[in-house]
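Structure record follows, encoded as structure tokens.
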Amino acid sequence: MRFLGHTEAKTDVKGRVFLPAVFRKVLQASGQENLVLRKDIFQDCLVLYPESVWNEQMDMLRQRLNRFNAEHQRIFRQFVSEVEVVMLDGNGRFLIPKRYMNAAGIQQNVEFIGMGDTIEIWSAEKVEASKMSGEEFGKALENIMNISF
């Protein structure tokens, strides 16, 4: 399952938004119906996980945490409790609850960004500020890949 690219959209007054068709096709091809919505841990955006990807993430975290360690239990509780199961309606829309819209600073204009196995949802006003300049991106990628140009 690979979500790629980005699409601009608008929420309606109730907070509903259409999942872009290109992403719906990927979900349908993989047999996924349910999505899990969560505020990103590090940035002011939301993340949509196909249910199978969410379950893998949850299982991986659970394996790394000790049930008999109080801090580990607090981490796991916060990770799994701050989610919303999302289902698309017959038109391909889903509701972004107000608390999530507020947490990500979403007013009406949003941008969906395919991140491989997840989809980020950004406030259109905040997405540009999250990006690196072309030069910064090139240098960061060079450092990661350890390649000299």
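The values are calculated or read from the model by the stated rules, or taken from the named source; none is laboratory data. If you're wondering where the values come from, they're calculated on a predicted model, not measured in any experiment. Virtual Cβ from ideal backbone geometry, glycine too; neighbours counted across all protein chains shown. With ligands, DNA and RNA removed, areas are computed over all heavy atoms of the protein, side chains included. Shrake-Rupley method; radii C 1.70, N 1.55, O 1.52, S 1.80 Å.
Data for the structure
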| quantity | calculated |
| --- | --- |
| Filtered residues of region 1-30 (kept if among the aliphatic types (A, V, I, L, M), over 22 Å from S52 (Cα atoms) and assigned to a loop (DSSP other than H, G, I, E, B)) | V13 |
| Any chance V26 is surrounded by fewer than 16 Cβ atoms within 10 Å (Cβ to Cβ), touching a Leu at 6+ places or on another chain (Cβ under 9 Å) and hydrophobic (A, V, I, L, M, F, W, C) | no |
| Selection count where residues are part of a loop (DSSP other than H, G, I, E, B), in contact with a helix residue (DSSP H, G or I) (Cβ under 9 Å, 6 or more places away or on another chain) and either open to solvent by 60 Å² or more (accessible area, probe 1.4 Å) or without any contact (Cβ under 8 Å) to a residue 40 or more places away in the chain (or both), scope region 41-68 | 6 |
| Some residue of region 78-93 being free of Cβ contacts under 8 Å to residues at least 12 places away in the same chain, exposed (fewer than 10 other Cβ atoms within 10 Å of the Cβ) and over 19 Å from V22 (Cβ atoms) | yes |
| Residue in region 71-81 that is touching an Asp or Glu at 6+ places or on another chain (Cβ under 6 Å) and either at pLDDT 95 or above or not in a loop (DSSP other than H, G, I, E, B) (or both) present | no |
| Scope region 103-114; condition outside any strand (DSSP E or B) and surrounded by 14 or more Cβ atoms within 10 Å (Cβ to Cβ); matching residues | A103, A104, I106, Q108 |
| Residue that is nearest to N102 (Cα to Cα) [pool: residues in region 31-40 that are outside any loop (DSSP other than H, G, I, E, B) and not hydrophobic (A, V, I, L, M, F, W, C)] | K39 |
